[in-house]
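Take a look at the structure set out below.
The values are calculated or read from the model by the stated rules, or taken from the named source; none is laboratory data. Just so you know, these numbers come straight off a predicted model, no measurement behind them. Ideal geometry is used to build each Cβ from the backbone, glycine not excepted, and the neighbour counts take in all protein chains shown. For accessibility, only protein heavy atoms count, side chains too; no ligands or nucleic acids. Shrake-Rupley method; radii C 1.70, N 1.55, O 1.52, S 1.80 Å.
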Amino acid sequence: MKVISVFAMTSERLIGKNGVLPWHIPEDLKHFQNLTKGQIVVMGKNTYYSLPEKYRPLPHRRNIVLTRGVFSECESYASIEELIQTLKSEKIQEIYIMWGVQIYKAFFERWLTDRVECTLIEWNYSWDAYLPEWRENFILKSEIEFEHGRFQTYIKNK
Ligand SMILES: NC(=O)c1ccc[n+]([C@@H]2O[C@H](COP(=O)([O-])OP(=O)(O)OC[C@H]3O[C@@H](n4cnc5c(N)ncnc54)[C@H](OP(=O)(O)O)[C@@H]3O)[C@@H](O)[C@H]2O)c1
């Protein structure tokens, strides 16, 4: 099973501000929609509740939330190991990790991320939620420029 992380960040690896996205870029939201439509999306509980109420669970996707607490709004797991074990037993081919900071970090730390779909935003922000450096373990395979930055695809450096 392939694990694909999808996020937008600046060159300083900023990805969040007070629990929300620091920017509003419709092209990036469209890119996210295209990548994940019909797929399995995995997110942390904070991210789930940061979605507008009418968009949660996200339509046209199997939504999975990671939480150690009680959660009944959609499918959920109390650990990454339990999640992976269940999906592997279902012979699932790929899953998309879609936010937030804690979840990306946990997948990077366990070396479970096979591919990264990163939107590199070329704006100068400095706020509160950053990812650790992850690019040293990945190879840039392709990138497409757009008005606010680049859509990049990275593959794990084995
Ligand atoms: N730039 C982007 O592309 C992008 C996109 C979306 C969000 N973001 C940013 O991400 C930030 C939100 O991230 P966050 O770190 O606050 O929250 P999060 O990762 O969405 O959720 C954290 C919660 O997930 C649960 N959790 C975390 N690790 C777990 C594990 N290993 N097993 C089971 N449950 C686990 C815990 O819930 P319980 O406490 O219930 O156990 C934890 O409190 C915001 O700043 C937002 O702006 C950025």
Residues located in segment 33-46, provided they are open to solvent by 20 Å² or more (accessible area, probe 1.4 Å) and within 10 Å of the ligand (Cβ to nearest atom): Lys45, Asn46
Mind checking whether some residue in segment 56-74 is in a helix (DSSP H, G or I) and within 8 Å of the ligand (Cβ to nearest atom)? no
Starting from segment 104-122, take each residue that is open to solvent by 10 Å² or more (accessible area, probe 1.4 Å) and list its partners that are assigned to a helix (DSSP H, G or I), counting only C-beta distances under 7 angstrom and pairs at least six apart or across chains. Ala106/Ile80; Arg110/Ile80; Glu117/Leu35
Does Tyr125 meet the test of being open to solvent by less than 20 Å² (accessible area, probe 1.4 Å) and among the aromatic types (Phe, Trp, Tyr)? no
Answer residue from segment 128-158, given it is of a type in the set (Lys, Arg) and exposed (fewer than 12 other Cβ atoms within 10 Å of the Cβ) and is farthest from Asn34 (Cα to Cα) among those: Lys158
Pairs under 7 Å by beta carbon, first residue of a type in the set (Phe, Trp, Tyr) in segment 42-53, partner more than 6 Å from the ligand (Cβ to nearest atom) and open to solvent by 20 Å² or more (accessible area, probe 1.4 Å), six or more apart or different chains? Tyr48/Arg56
